[in-house]
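Comments concern the structure below.
The values are calculated or read from the model by the stated rules, or taken from the named source; none is laboratory data. Here the structure is a predicted model, which means the values were calculated and not measured. Backbone-built Cβ (ideal geometry, glycine too); neighbour counts: all protein chains shown.
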């Protein structure tokens, strides 16, 4: 039985626990076999681990990306060269649900596949997407609860005042699963929507995160917008979140075109600040890439908790926005590649995913091209965001 609530589903386990006056709430026996979201049916495929790690003691290292295992489509082939059937299977959303279950869409993602194939997977005319104001139940408030590369010399600088836009919409993420935690970055693109990288959510061993601590605009020990601990590994449904990753990502390559994730933060919290939205098919331009590196960037008194980054020109290469003019390191994964669209409007164009080295005689001569890159938001990513997010 599915029990509706605004923007999601009430955890069946939570209902059972309430009826039993919290007796036996740690058992997952009451988890629904299927859930629904925006007209789609999702089937239960696994349970997230329930072990709660000690965040203070955990080593905060960036989650590694999964290796290629039975990848859909030809390994390394651009998405527009995949068949429609392969795309529709790989682009099906997988949900990490507040009830502790992991669900995959029952039907192939034909709409997302067709959206990508219609554009040939190549840059097209830029389109702006803004979130739509919609009423939602009051969430819990923010409270003080508690691999990329440098190319040449490190050009990053610390953000001294993180309360200014758009840095206040950039979020330090502590992601936990299976008894350990890692650090990534994300960005709020709507009142209830955060985007990041899929490799921050799903580990090489197949475990998915069941807990994320959000620290928007964190500046060392200062939390000007507070922080909030959202978790799907307990009986409390008020701190639940819904996480979506492409189902094909579990079998993705190191440089995977499916390396993106969308988080619906309801009912755990609403975004205290956000980007205006995002841009589809962004072209060559000047981009900002700021996040929370696990190392110490120039000007920062320490690692992990200080926001750092830089701006630089970048171009398009397949599903990537890439450049040698922007430095990044571990921990910045999932962070926003954003553009100033004018009049103080900043939009997210890509989610940072990593670094790669390759040979291209025309670009780099006989030396290897070394590039940091993000997964560009194209028609397929746009369709995926809209399949998960309440705001779009």
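Checking every residue in segment 290-306 against the condition of being over 20 Å from the mean Cα position of the chain (by Cα), at pLDDT below 95, under 21 Å from residue 357 (Cα atoms) and surrounded by fewer than 18 Cβ atoms within 10 Å (Cβ to Cβ) gives zero matches. Residues that are within 15 Å of residue 168 (Cβ to Cβ) and buried (at least 24 other Cβ atoms within 10 Å of the Cβ) within segment 191-211 comprise just one, 194. One residue alone among 94, 104 is crowded, with 19+ Cβ neighbours inside 10 Å and at pLDDT 90 or above, and that residue is 94. Could we say that residue 62 is modelled with pLDDT of 95 or more and either over 21 Å from residue 317 (Cα atoms) or in a loop (DSSP other than H, G, I, E, B) (or both) here? Spelling it out, it is not the case that residue 62 is modelled with pLDDT of 95 or more and either over 21 Å from residue 317 (Cα atoms) or in a loop (DSSP other than H, G, I, E, B) (or both).
Only one residue in 327, 391 is out of contact with any strand residue (DSSP E or B) (no Cβ under 6 Å at 6 or more places or on another chain) and either assigned to a loop (DSSP other than H, G, I, E, B) or at pLDDT below 95 (or both), so which one is that? Give the derivation first.
Working: 391 fails: out of contact with any strand residue (DSSP E or B) (no Cβ under 6 Å at 6 or more places or on another chain).
None of the other options fit; the residue is 327.
Table: residues versus (1) in a strand (DSSP E or B); (2) surrounded by fewer than 24 Cβ atoms within 10 Å (Cβ to Cβ); (3) over 16 Å from the mean Cα position of the chain (by Cα).
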position	(1), (2), (3)
354	yes, no, no
367	no, yes, yes
370	yes, yes, yes
386	no, yes, no
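Within the bounds of segment 34-48, is there any residue that is assigned to a loop (DSSP other than H, G, I, E, B), surrounded by fewer than 19 Cβ atoms within 10 Å (Cβ to Cβ) and modelled with pLDDT of 55 or more? Looking through segment 34-48, at least one residue is assigned to a loop (DSSP other than H, G, I, E, B), surrounded by fewer than 19 Cβ atoms within 10 Å (Cβ to Cβ) and modelled with pLDDT of 55 or more.
Within segment 107-143, the set of residues being modelled with pLDDT under 80 and assigned to a strand (DSSP E or B) comprises just one member, 143.
If I filter segment 330-343 down to residues being assigned to a loop (DSSP other than H, G, I, E, B) and surrounded by fewer than 18 Cβ atoms within 10 Å (Cβ to Cβ), which single residue comes out as modelled with the highest pLDDT?
So the first thing to find is which residues in segment 330-343 are assigned to a loop (DSSP other than H, G, I, E, B), and the list is 330-335, 341-343.
Now narrow it down to the ones that are surrounded by fewer than 18 Cβ atoms within 10 Å (Cβ to Cβ): 341-343.
On the way: 341: 94, 342: 91, 343: 88.
Step by step, filter segment 330-343, then rank; the result is 341.
Out of (1) touching a helix residue (DSSP H, G or I) at 6+ places or on another chain (Cβ under 9 Å); (2) farther than 22 Å from residue 256 by Cβ; (3) modelled with pLDDT under 95, the odd one out for residue 346 is which? Failed condition: (3). Filtered by the rule that a residue be surrounded by 24 or more Cβ atoms within 10 Å (Cβ to Cβ), in a loop (DSSP other than H, G, I, E, B) and touching a helix residue (DSSP H, G or I) at 6+ places or on another chain (Cβ under 7 Å), segment 226-273 gives 256, 257, 258, 259, 260, 267, 268.
Within the option set 346, 319, being under 28 Å from residue 175 (Cα atoms) and buried (at least 24 other Cβ atoms within 10 Å of the Cβ) holds for one residue only, 319.
Here residue 214 passes the criteria (1) surrounded by 23 or more Cβ atoms within 10 Å (Cβ to Cβ); (2) in a loop (DSSP other than H, G, I, E, B) except the one numbered (2).
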